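What follows is a set of notes on a single structure, which appears directly below.
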Amino acid sequence: MNVYERLSDPLALIVFVITLFLPVIVGLVALKRTRSQSDFFVGGRAMNKLVVALSAVSSGRSSWLVLGVSGMAYARGTGALWAVAGYTIVELIQFLTVGQRLRDDAQRYDSITLLDWFESKFPDSRRRIRVTGALIIGVFLTAYVAAQLNGGAKTLEAALQIPFWTALLAAAVLIVVYMLLGGYIAVAYNDVVRATIMLVALLVLPIVGLVEIGGFAGLAESLRGTDPGLVDPFSLGVGALIGFLGIGLGSPGQPHILVRYMSIDDPKNIRAAGLFGFAWNVVLGAGAVFVGLVGRALVPAVENLPEQDPEMAYLVLSADFFAPALYGLLVGGIFAAILSTADSQLLVVSSTVVRDVWEKVVRSDVELDEQQRLKMSRMVVLLAGIAAVLLAWGAQGLVFWLVLFAWGGLGAAIGPAVILGLFWRRTTASGVVAGMITGAIVTIVWRLWLRDPTGLYELIPGFAAATIAVVLVSLLSRPRGRARV
């Protein structure tokens, strides 16, 4: 039986549908707090530490954690823990270092977007940073949003047995409506709800599975019987191990994660938010790995999974273990995880177009009042959503190609510039631009021609090359281009 067919049970379907429409209710509540462009894009820099922590976790993980990591653990065993360890450790360090300094600078320069901060920190009369950064962010994130919508549409298509085009429109509408209402505030509070759903799914599911299989000892014995390498976290090749650990290097370059730091109410709360987010990441990551391991123990042959897809282990276990109401919630959790990243990225795309391109480059000579800015911001969210839908529908091959580079490309292009810009006083505008371009180009070249023979994730060489470019070009730049401190 198709695992989605269990949603034909009325109770499961009702719970699933509630998870779909709950974000709209949150958007209506957030509408009253969204009165300015700053509210719309960074929550007026008034978000509390718990919301920031869970929003950062939820928007950064999405279906990659719920389905991707569990599928990776099913296929590769305990080695998947390295992927979780990579981003968990880096994001804790990032919260405690990058987060606090970026929040301080954002308030000092009254920055609403990441590119606002770059241009304020590194005065650039030719707007090279803003134009280069806007191009990189716009291309990668629009494609990423399109892919998330595609994944959400496929979930709705299978779950509700509706045509793909209908499901795609439904997924887009469910995101755009609450974003138009509440902007960042609605997105952040919805991320809290989604992080909670993911916690329930990835905590309860492996616990029930472990009880079913006889605890940790039974799990280890079953996995050894299938493949001894599944219980050896060091069975991966060196390239894969370094690549998994290196996944976390992408975090400092993700604008939709960095904006969370800029939105917190008090820089002093960043530390608490980071520690709370770390704990949440550990629980969610370990849960996703154990879902995959338990799935492999109970269904040893991938041929017995729907579509022979390791990522379906989550749904198979959910269907086998739980009553209709909880099953409906767990299937809704997949959709929630997908949207938790899509909405955050769509908001960054919109802020890039409105604030960084239109207001600061195209029409920098015209002063808009706050209501005009807010109206334009909402209009661009709608237009960006339509563009993402069209891309998801009409260029799926292109979307897939670009998404392969999205995390690595943004991480390599933006991450080194952010880190050095915050901690190295000799960074210059020219160095930032050089790092952005180098990181993007090396990531693409490595992915296309060098990844297969080396086995090394393209983010790592891209990040290294961009770091070198920022340093060298900054040292060669004129002193007047030095960062303001």
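Taking the square roots of five times each eigenvalue of the Cα gyration tensor of the range 197-341, the equivalent ellipsoid has semi-axes of 30, 21, 15 Å, listed largest first. The shape of the range 115-245 comes out oblate: with a ≥ b ≥ c from the C-alpha gyration tensor, a/c is at least 1.5 while a/b does not beat b/c. Across the range 1-136, the relative contact order, built from alpha-carbon pairs under 8 Å that are at least six residues apart, equals 12 percent.
Net charge in the neighbourhood of residue 177 (other residues with Cβ under 13 Å of its Cβ; Lys, Arg +1, Asp, Glu -1) is 0. The sum of -39500 (n - 2.57) across all DSSP H runs of n ≥ 4, divided by the residue count of the chain, sets its helix-only mean residue ellipticity at 222 nm to -24500 deg cm²/dmol.
Once the Cα atoms are used to define both axes, helix 49-63 deviates from the longest principal axis of the chain by about 60 degrees. Among 436, 312, the order by Cβ neighbours within 10 angstrom, fewest to most, reads 312, 436.
Counting only pairs 8 or more places apart or on different chains, how many lysine pairs in the range 3-403 have C-alpha atoms closer than 29 Å? Lysine pairs meeting both conditions in the range 3-403 amount to 11. For residue 423 and residue 303, the FRET efficiency from 1/(1 + (r/R0)^6), where r spans their Cβ atoms and R0 equals 45 Å, is about 0.35. Of 240, 340, 51, which is farthest on the positive side of the dipole of the chain, counting Cα position, with +1 on Lys and Arg Cβ, -1 on Asp and Glu Cβ, and the Cα centre as origin? It is 51, whose Cα lies furthest towards the positive end. Based on Cα contacts under 8 Å between residues 6+ apart, the chain shows a relative contact order of 31 percent.
Shape analysis of the range 330-379 yields a ratio of the Cα radius of gyration to the Kirkwood radius, Rg/Rh, of 1.21. Taking the three principal axes of the alpha carbon atoms in the chain, the coordinate ranges are 66, 48, 44 Å, sorted in descending order. Can you give the log10 of the normalised intensity I(q)/I(0) at q = 0.11, 0.25 Å⁻¹, computed with Debye over equal Cα scatterers of the range 1-72? Ignoring solvent entirely, the Cα scatterers give -0.48, -1.17. Of the peptides 113-125, 371-383, 263-275, the order by per-residue mean of other Cβ atoms within 10 Å, starting with the highest, comes out as 113-125, 263-275, 371-383. Using the Cβ-Cβ distance between residue 472 and residue 279 with R0 set to 51 Å, the FRET efficiency works out to roughly 0.85. Decide, for the range 69-192, between rounded, prolate and oblate: order the square roots of the alpha carbon gyration tensor eigenvalues as a ≥ b ≥ c, take rounded if a/c falls under 1.5, and otherwise choose prolate if a/b is larger than b/c, else oblate. In terms of gyration-tensor shape, oblate. I need the shape label for the range 250-326. Rule: rounded when a/c is under 1.5, else prolate if a/b > b/c, else oblate, with a, b, c from the alpha carbon gyration tensor. Prolate shape, in that a/c is at least 1.5 and a/b is the bigger ratio.
The C-alpha atoms of the chain define a longest principal axis, and helix 164-213 lies at about 40 degrees to it. Computed over neighbours whose Cβ is under 15 Å from that of residue 165, the net charge equals 0, Lys and Arg +1, Asp and Glu -1. In this simple spin-label approximation, residue 238 and residue 89 carry label points 7 Å from Cα along the Cα→Cβ vector, and these lie 1.8 nm apart.
Where a number appears in this text, it was derived from the coordinates with a stated rule and is not lab data. Since the structure is predicted, the reported quantities are computational estimates derived from the model, not experimental observations. Cβ: placed from backbone, ideal geometry, glycine included. Neighbour counts: every protein chain shown.
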